[in-house]
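So the structure is just underneath, and the comments pick up after that.
The values are calculated or read from the model by the stated rules, or taken from the named source; none is laboratory data. Model, not experiment: these values are computed from the prediction. Note that each Cβ is placed from the backbone with ideal geometry, even for glycine, and that neighbours are counted across all protein chains shown. Side chains are part of the model used for accessible areas, which takes the heavy atoms of the whole protein and leaves out ligands, DNA and RNA. Shrake-Rupley method; radii C 1.70, N 1.55, O 1.52, S 1.80 Å.
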Amino acid sequence: MSADATHPPQVLVVGAGPAGLVAGIALARHGIGVLLVEKRAAISTLSRALVISTRSMEILRAWGLEAAVRAGAANVEPCGWVTPTLASGEGVEIALGFPTAAQAAAVSPTRPAWAAQDHLEPLLLGLLRHYPSAQVRFDAELIGLEQDDDGVTAAVRDRPSAGTQSVRAEFVIGADGAHSAVRELLGIRLEGPDNLAEFHAVQFHAPLTELLGPRRYGLYVITHPDAACVIGRRGPGDRWGCAREWRPGQDRLVDADEHRIAQLIRTAVGVPDLHPRIERTSAFSFAAQLADHYRAGRGFVVGDAAHRMTPRGGTGMNTAIHDAYDLGWKLAWVLRGWAAPALLASYEAERRPVGRHNVERSGDPAGARRTAEEALPHDLHGRVAHHWLRPGDGAVSTLDLLGDGLTLLTADDEAGWAAAAARLDTRAPIVVHAVGAPIATAAGAAPNGAVLLRPDGKLAASWTEPTVPPTADLTGLTPSMRAGS
Ligand SMILES: Cc1cc2nc3c(=O)[nH]c(=O)nc-3n(C[C@H](O)[C@H](O)[C@H](O)COP(=O)(O)OP(=O)(O)OC[C@H]3O[C@@H](n4cnc5c(N)ncnc54)[C@H](O)[C@@H]3O)c2cc1C
């Protein structure tokens, strides 16, 4: 169903940040009618988040966006370097919780990308617009929301004309950021500290790549007493950012003139005759807050609307992407009649603990520093283990076998497996792949058994042999007649 004037949308998505765009794509891939409204005239040009995590890249890879993302990514390890100045040549490497290319190769068909949010967002928008069932409306601000047993009714203001339109949909997703109107209108509250710190950031251009030579990191923590700050790469060229905490009594970077900002950058870089070109300044406050609920009836919150994280750990945008992907496929399944509405309860049950973990990490002053081993389980979050089926060119990962429906991985292609899968009470399509005993076992199957996987790679059921009923958690994966209860 399309989301045009003649067909009301099935899902109204509010906000065209990473969360809203990903939710829209996850729904539209299933042909669900989506209307995405965004109050800005266009997507944001602020670079903001700098690193796309392993799991986020797996989702983007499955959607065919990996090459386009890498084209705008810096060729660096997603680690940091602590140094007095960029020119000093002395320093210590620190882990930021993201795997290096070598570490990622052991667990994933892809790896993190050091790419700025304003490179990723246009790619997501382009993909969303490609789906005929999706409609995107800019300059459109949600200002009111009500719900009843059958759906939601939103008041959406057209900002140029100031006219208000009523939009009816079966569900609404609040992807409208930290100050979410949808969250407020649904009566969902944030818990946790606000205004933990005030940070000021500058985006600038300067020829630092040559200066750094082989010290190719994503972030540089500058310890110079007159210019303590964090300098980060914002793309493949010489686009950079410098961020520092503002403390009462200090200069406010956002209010400083270009001469003063350039002086700070020169000191941090350690090159007195450097002439940085200043692109823009911005300020943001640190908060570590979590919504008390992720759902109220037919309304959901995702991304920053559900949790506010400081940039420590680089989890804000990535958690937003994962929330939106999770809710997107679950809502699509319910709307297609593939699953019961009970599946929707698993969105909050599965995603809020991750939100809590990442909020707490971001609130810890030492939260940026984690080893990849510590941080990866929270990023990959229980998806099936990656193994190459055919190494080399044209390689296929176990993750590539996952489709929009259910996937049964078996050790062998004994006919009994298709019959075992067919006995499950589900309307979702099931595709059977015989991958051999080692890979099936690594995916969690008993010796010569089989596992049934959801589209996100999580385990739904596990068999020891085709004729023995499986151990299953099929909550909501069985269909019912009506969505939304
Ligand atoms: C200055 C800054 C620096 C950051 N740095 C980092 C970083 O280094 N690492 C990191 O991981 N994260 C960082 N973040 C956080 C990261 O940008 C967010 O976590 C991420 O954008 C969350 O995505 P989202 O889609 O949930 O929300 P957003 O990106 O905030 O998108 C929400 C969208 O909803 C729209 N909207 C709001 N209200 C309405 C309404 N009523 N109607 C219609 N549209 C509406 C907004 O205009 C916006 O486009 C930073 C954020 C800021 C502000």
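Details
- Each residue was assigned an accessible area with a 1.4 Å probe, and for LYS330 the value is about 0 Å².
- Cα centroid separation - the stretch 156-173 against the stretch 181-244, whole Å: 34 Å
- Considering only the chain, percent of DSSP beta bridges that pair antiparallel, nearest 5: 70 percent
- For the stretch 162-167, the Karplus equation 6.51 cos²θ - 1.76 cosθ + 1.60, evaluated at θ = phi - 60°, returns couplings of 6, x, 10, 10, 8, 10 Hz by residue, with Gly and Pro reported as x.
- Take 338-344, 16-22, 165-171 and order them by the average number of nearby Cβ atoms within 10 Å per residue, most first; the result is 16-22, 338-344, 165-171.
- As computed over the stretch 33-119, the Cα convex hull volume per residue (Å³): 145 Å³
- At the listed q of 0.09, 0.17 Å⁻¹, the Debye profile of the stretch 243-383, built from one uniform point per Cα, gives log10 I(q)/I(0) equal to -0.43, -0.96.
- Legend: residues GLU198, GLU258, sorted from most to least accessible area (1.4 Å probe; ligands, DNA and RNA excluded), read GLU258, GLU198.
- Cα convex hull volume per residue for the chain (Å³): 147 Å³
- Dipole check for the stretch 398-472: with +1 at the C-beta of Lys and Arg, -1 at the C-beta of Asp and Glu, and the Cα centre as origin, the magnitude is about 220 Debye.
- Helix 316-336 axis, angle to the chain major axis (alpha carbon atoms, nearest 10°): 20 degrees
- Between helix 117-130 and the chain: long-axis angle, C-alpha atoms, 0 to 90°, nearest 10: 30 degrees
- The alpha carbon convex hull volume per residue for the stretch 132-243 rounds to 217 Å³.
- Cα gyration tensor shape for the stretch 59-102, rounded if a/c is under 1.5, else prolate or oblate: prolate
- Two-site label geometry, ARG215 and THR45: point separation in nm, points 7 Å out along Cα→Cβ: 3.2 nm
- Normalised size of the stretch 398-472, defined as Cα radius of gyration per 2.2 N^0.38 Å with N residues, equals 0.94.
- Portion, in percent, of the accessible area of the chain that falls on carbon or sulfur, probe 1.4 Å: 53 percent
- For q = 0.12, 0.14, 0.17, 0.21 Å⁻¹, Debye-computed log10 I/I(0) when each Cα of the stretch 369-433 counts as one equal scatterer: -0.46, -0.59, -0.78, -0.98
- A 1.4 Å probe run over the protein chains yields, for the chain, 41 Å² of accessible area per residue, whole-number rounding.
- Size of electric dipole in the chain: Cβ of Lys, Arg +1 and of Asp, Glu -1, about Cα centre, debye, nearest 20: 300 debye
- When each of the peptides 297-304, 80-87, 29-36, 244-251 is scored by the mean number of other C-beta atoms lying within 10 Å of its residues, the order from highest to lowest reads 297-304, 29-36, 80-87, 244-251.
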